[in-house]
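Please read the structure below before turning to the comments.
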Amino acid sequence: MRVVAGTARGRRLVGPRGSATRPTSDRVREAVFDILASLEAAGAARVGGAEVVDLYAGTGAMGIEALSRGAAGATFVETDPAAVLAIETNLAATGLGPGHVVRRDVDAFLRSGAVRSRPGPFDLAFCDPPYGFEGWDDLLAALPARLVVAEAGAPIPSRAGRPLIRSRRYGGTVVELLGEPER
């Protein structure tokens, strides 16, 4: 696993041992950022200068890729201590930042005062919960983000009023880009 592009291009990323973490493959990460670049060209989204949140961060590869491509900052949310250590190691090895690692359950993080008191939504959110996750509606309803990149094993059944911008399948991974909730 490596950083695909940007200032840290080619840097290797570490992951925790075992099968508890399922890192996003380089191929899928590259495809996601190509889609984001096409949206940026159309004026619909920006990675450069974005405030990013990486939920169920695992190795932190998605948030680190965003930082490498010019994101202003990234918050990584993960509960597994080995994954938190991997994220911190990867941030240090790439020299990217600012990156803030939060060792907390995603639901608790989204309900926290720090998230509720933000001056505005995150520009970009990466959500990669374990396959079989069934809490999409609650997660997407609570997530203050302009654009969500959701990874799952199958199409997301409920999107909490967020419009589907793009959906792509890469082998066993479905990636959906979702806009802000419709009001």
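Hey, how many Å between the Cα centroid of segment 131-146 and the Cα centroid of segment 37-69? Value for the Cα centre distance between the two parts: 18 Å. Taking label points 7 Å from Cα along the Cα-to-Cβ direction, ALA141 and GLU182 give a separation of 1.7 nm. Between SER117 and ARG9, the simple label model (points 7 Å from Cα in the Cβ direction) yields a spacing of 4.1 nm. Calculate, for ALA154 and ARG27, the FRET efficiency according to 1/(1 + (r/R0)^6) with r their C-beta to C-beta distance and R0 22 Å; round to the nearest 0.05. My answer for the efficiency is 0.70.
Given axes a ≥ b ≥ c from the Cα gyration tensor, I'd like to know whether segment 40-115 is rounded (a/c under 1.5), prolate (a/b larger than b/c) or oblate. Oblate shape, in that a/c is at least 1.5 and b/c is the bigger or equal ratio. The mean accessible area for residues of the chain, using a 1.4 Å probe and ignoring ligands and nucleic acids, is 47 Å² per residue.
Projected label points at LEU164 and ALA82, each 7 Å from Cα along the beta carbon direction, are separated by 3.5 nanometres. How would segment 100-179 be classified by its alpha-carbon gyration tensor: rounded, prolate or oblate, with rounded meaning a/c under 1.5 and the a/b versus b/c comparison settling the rest? Judged from the Cα gyration tensor, segment 100-179 comes out prolate (a/c at least 1.5, a/b above b/c).
For the chain, the ratio of Cα radius of gyration to the globular rule of thumb 2.2 N^0.38 Å stands at 0.93.
For a Förster distance of 41 Å, can you work out the FRET efficiency between the beta-carbons of ARG103 and ALA41, rounded to the nearest 0.05? In this case the efficiency is close to 0.65. If you take the square roots of the eigenvalues of the alpha-carbon gyration tensor of segment 96-137 and sort them as a ≥ b ≥ c, do you get rounded (a/c under 1.5), prolate (a/b over b/c) or oblate? In terms of gyration-tensor shape, prolate. Most simply put, segment 1-138 has about 5% antiparallel DSSP beta bridges, counting only bridges with both residues inside it.
The values are calculated or read from the model by the stated rules, or taken from the named source; none is laboratory data. As the structure is a prediction and not an experimental result, all values here were calculated from the model. FYI the Cβ positions are ideal-geometry reconstructions off the backbone, even for glycines, and counts take in every protein chain you see. Ligands, DNA and RNA are excluded from the accessible area calculation, which covers all protein heavy atoms including side chains. Shrake-Rupley method; radii C 1.70, N 1.55, O 1.52, S 1.80 Å.
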